[in-house]
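One structure is given below, encoded as structure tokens.
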Amino acid sequence: MHPLRDKAAIVGVGASPQGRLPGSTPLTLAVEAFKRALDDAGLRKDQIDGLMTMAGTTSPEGPLNYLRVGEALGIDPRFTGTFNMGGGTAGALLQQAVLAVNAGMANYVACVFGDTAATGGYRFDRAAGWGDSWGIWGFQAAAGNSAITASRHMALYGTTSRQLGEIAVACRYHASLNPNAVMRTPITVDDHQASRWIVEPLHLLDCCLISDGGVCVIVTTRERARDLKQPLVLISGFGQAYTTRNLDNPDWWYVPHQKLAVNDAYAMAGVGPRDIDVAQLYDNFTSSVLLWFEHGGFCKVGESGPFVEGGRIRLGGELPINTAGGNLSESYMEGWLHIVEGVRQMRGECGPRQVSGAEVCLVTGRGRELNTANANILRKG
């Protein structure tokens with residue numbers, strides 16, 4: 001058995017309001033989320049001795065570097081750091097927290113995020129890549145990368161736009177049951193098809209939201225978690241994988257390193273695809289979700305299009321996904337809210353969107369120019 005299996009737990013989660021929040025800053029939203037997570041865990045601020053933050057997108061010294069956040073929170077951590085792996089950051093910071101608490105470097109680690117992409121107007125006003133390496137090919141926003149993924153999958157395997165629509169519809173249905181979701185009005189596949197093009201073959205409803213908000217997750221050891229007020233949610237296994245190759249790799253569109261991350265998480269947790277009761281799959285675009293089904297072993301390569309049909313990925317189906325609405329409909333918090341929803345599902349506190357009997361949850365993340373990936377297995381304690 002892996003020495004880190006089930007050795008750490010998520011004991012507190014918190015999220016600020018989501019959506020368009022004029023007058024807020026990444027820092028104020030992060031502080032609000034921290035307060036809510038602290039209350040959720042039943043901890044005092046002076047018990048938090050670890051702090052991990054996600055850097056601002058435009059600068060590694062952006063508004064959420066650990067110095068500014070620590071100052072705002074009024075804590076002096078023993079263990080700290082600031083990462084930026086785009087949508088892969090939340091899962092990576094969670095894993096750093098597991099390592100820290102099990103190494104005795106901290107007792108309680110708060111992982112904190114905040115963003116004002118909806119009203120701040122900076123994050124999506126830039127080319128997708130470094131220098132000219134992507135911009136010269138027309139990748140002026142992240143949708144370009146995933147459009148190639150979608151079109152290639154369609155060309156090779158016969159995947160259809162209506163199948164992508166099934167993912168958008170499922171996420172929106174789940175969001176309709178979540179009072180904190182930004183987009184709650186149900187949609188149909190026909191609505192998806194009628195929405196305007198962003199980058200063919202991706203429609204508007206294939207794309208994630210742009211949101212303001214903050215999120216915080218607090219991690220400690222399993223032993224300490226037993227004494228706190230919330231039901232035990234264990235971090236049973238995790239994995240990371242990266243590639244430094246992009247356009248020079250003909251298979252980059254398929255991001256095969258994602259499968260390595262999921263397989264490592266399965267191996268650490270001692271589980272496989274059949275053990276997953278609910279999944280929170282990183283959904284910056286619907287096409288991203290197709291690949292997670294294949295990389296996660298839920299279907300064979302090329303079969304994810306038909307896999308999403310027939311209600312299989314909705315509540316009551318074989319594999320409910322993104323049960324709070326995901327990036328597509330709840331809010332775009334770069335995967336942080338996927339962890340929060342995973343925890344809430346394991347606690348059994350999701351009300352009408354609760355997956356009955358759920359005990360094991362897969363949470364995935366991906367980011368930057370499709371080159372980072374991670375996976376975490378959460379388990380009901």
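The values are calculated or read from the model by the stated rules, or taken from the named source; none is laboratory data. Fair warning: this is a prediction, and the values are worked out from it, not measured in the lab. Keep in mind that these areas ignore ligands, DNA and RNA; they rest on the heavy atoms of the full protein, side chains included. Shrake-Rupley method; radii C 1.70, N 1.55, O 1.52, S 1.80 Å.
Accessible area ranking (1.4 Å probe, heavy atoms, ligands and nucleic acids excluded), largest first, for Ser211, Ser176: Ser176, Ser211. Across segment 282-294, coupling constants 3J(HN,Hα) worked out from phi with the 6.51/-1.76/1.60 Karplus curve, θ = phi - 60°, read 4, 10, 5, 9, 4, 5, 4, 5, 3, 5, 4, 4, 6 Hz, and Gly and Pro carry x. On a per residue basis, the chain carries 38 Å² of accessible surface, using protein heavy atoms and a 1.4 Å probe.
Considering only Leu290, Leu43, Leu234, the Gaussian network model of the chain with Cα springs below 10 Å gives its largest mean-square fluctuation to Leu43.
Estimated at the nearest 10 Å², the accessible area of Asp251 is 90 Å² with a 1.4 Å probe. Pairs of lysines in the chain whose Cα atoms sit within less than 19 Å of one another amount to 7, provided the residues are eight or more positions apart or on different chains. By DSSP, the beta bridges lying fully in the chain are antiparallel in about 75 percent of cases.
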